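To start, the structure itself, in structure tokens.
The values are calculated or read from the model by the stated rules, or taken from the named source; none is laboratory data. Not measured: the values here are computed from a predicted model. Note: ideal-geometry Cβ built from the backbone for every residue, glycine included; neighbour counts use all protein chains shown. SASA here: full protein model, heavy atoms, side chains in, ligands and nucleic acids out. Shrake-Rupley method; radii C 1.70, N 1.55, O 1.52, S 1.80 Å.
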Amino acid sequence: QQPVQSPQAVILREGEDAVINCSSSKALYSVHWYRQKHGEAPVFLMILLKGGEQKGHDKISASFNEKKQQSSLYLTASQLSYSGTYFCGTEEFISNQFYFGTGTSLTVIP
Amino acid sequence: DAEITQSPRHKITETGRQVTLACHQTWNHNNMFWYRQDLGHGLRLIHYSYGVQDTNKGEVSDGYSVSRSNTEDLPLTLESAASSQTSVYFCASSVSRNTEAFFGQGTRLTVV
């Protein structure tokens, strides 16, 4: 079942923070995060496999809640290069089916 | 450098015609995927393969087929193109389950 992402779109000024949420009605085995810039292919950001896990590099990090049905992506001190559409992808624990969310459009302005 | 390439990058075809989109990867990845991307729907899985001779249906497989005769290629065939299949198609590959997927640059298909 396709996960729900929120918000659908967000506009930030450089230096501001943002949180993107990804929620499923099913228990999840893993959550993947990708970013896609306009006209380009999606690019991998990170995978979370364990409930309670947090990962990050540079100023982008993510968490996977203990009940393993929700993940959040945190963008700190946003830069112009962070603009794009962010997708979460979820693998369901029982069915092993993988679905991408509908995406969150993030625009960073000077 | 290893890569994943799609061809053609753009194609216009007529309703009812058979169309094949090519996907070729040089990483020797076992897993290969085809997605379509439409506004408001994100990326939806069409077909996927976990190895040679293995193919599986995704959530939007009707009207599409794939075959995996070697590790490097997973061509996607539209048996009889329909206007509803106008979309951007992405191929992806990964080493195994729950590892990073690498995406091709996409094929923009227009069915008129």
Quiz prompt | Test result for A:Gly39, closer than 18 Å to B:Tyr35 by Cα, of a type in the set (Gly, Ala, Ser) and open to solvent by 20 Å² or more (accessible area, probe 1.4 Å) | solution = yes
Quiz item: Among all residue pairs at least 6 apart or on different chains, which show Cβ distances below 8 Å where the first residue, located in the stretch B:48-64, is away from chain A (no Cβ under 13 Å) and of a type in the set (A, V, I, L, M, F, W, C) and the second is surrounded by fewer than 16 Cβ atoms within 10 Å (Cβ to Cβ) and in a loop (DSSP other than H, G, I, E, B)?
Solution: B:Val52/B:Ser69; B:Val52/B:Asn70
Quiz prompt | Residues satisfying the stated conditions in the stretch B:65-112, i.e. away from chain A (no Cβ under 14 Å), without any contact (Cβ under 8 Å) to a residue 40 or more places away in the chain and charged (D, E, K, R) | solution = B:Arg68
Quiz item: Counting only residues that are hydrophobic (A, V, I, L, M, F, W, C) and in a strand (DSSP E or B), how many does the stretch B:28-81 have?
Solution: 9
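Looking at A:Ser24, A:Ser6, A:Ser61, which is the one that is surrounded by 19 or more Cβ atoms within 10 Å (Cβ to Cβ), away from chain B (no Cβ under 12 Å) and within 13 Å of the chain's Cα centre (by Cα)?
A:Ser24
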Self-check item: Filter pass, B:Gly16 being out of contact with any helix residue (DSSP H, G or I) (no Cβ under 9 Å at 6 or more places or on another chain), in contact (Cβ under 8 Å) with a residue 40 or more places away in the chain and outside any strand (DSSP E or B)
Solution: yes
Quiz item: In the stretch A:75-83, is there at least one residue being modelled with pLDDT of 90 or more, open to solvent by less than 20 Å² (accessible area, probe 1.4 Å), in a loop (DSSP other than H, G, I, E, B) and out of contact with any helix residue (DSSP H, G or I) (no Cβ under 7 Å at 6 or more places or on another chain)?
Solution: yes
Quiz item: What's the number of the condition A:Gly15 fails, among (1) away from chain B (no Cβ under 14 Å); (2) modelled with pLDDT under 95?
Solution: (2)
Quiz item: In this structure, does A:Leu75 turn out to be under 13 Å from the mean Cα position of the chain (by Cα) and hydrophobic (A, V, I, L, M, F, W, C)?
Solution: yes
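Tally up the residues in the stretch B:82-99 that are hydroxyl-bearing (Ser, Thr, Tyr) and assigned to a loop (DSSP other than H, G, I, E, B), please. Explain how you work it out, then say what you get.
Quick first cut of the stretch B:82-99, residues hydroxyl-bearing (Ser, Thr, Tyr) only: B:83-84, B:86-87, B:89, B:93-94, B:96, B:99.
Pick out the ones that are also assigned to a loop (DSSP other than H, G, I, E, B) and you get B:86, B:96, B:99.
Residues flagged as hydroxyl-bearing (Ser, Thr, Tyr) and assigned to a loop (DSSP other than H, G, I, E, B) within the stretch B:82-99 amount to 3.
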Quiz item: Does A:Val31 count as within 11 Å of another protein chain (Cβ to nearest Cβ), touching a residue at least 40 places away in the same chain (Cβ under 8 Å) and open to solvent by less than 70 Å² (accessible area, probe 1.4 Å)?
Solution: yes
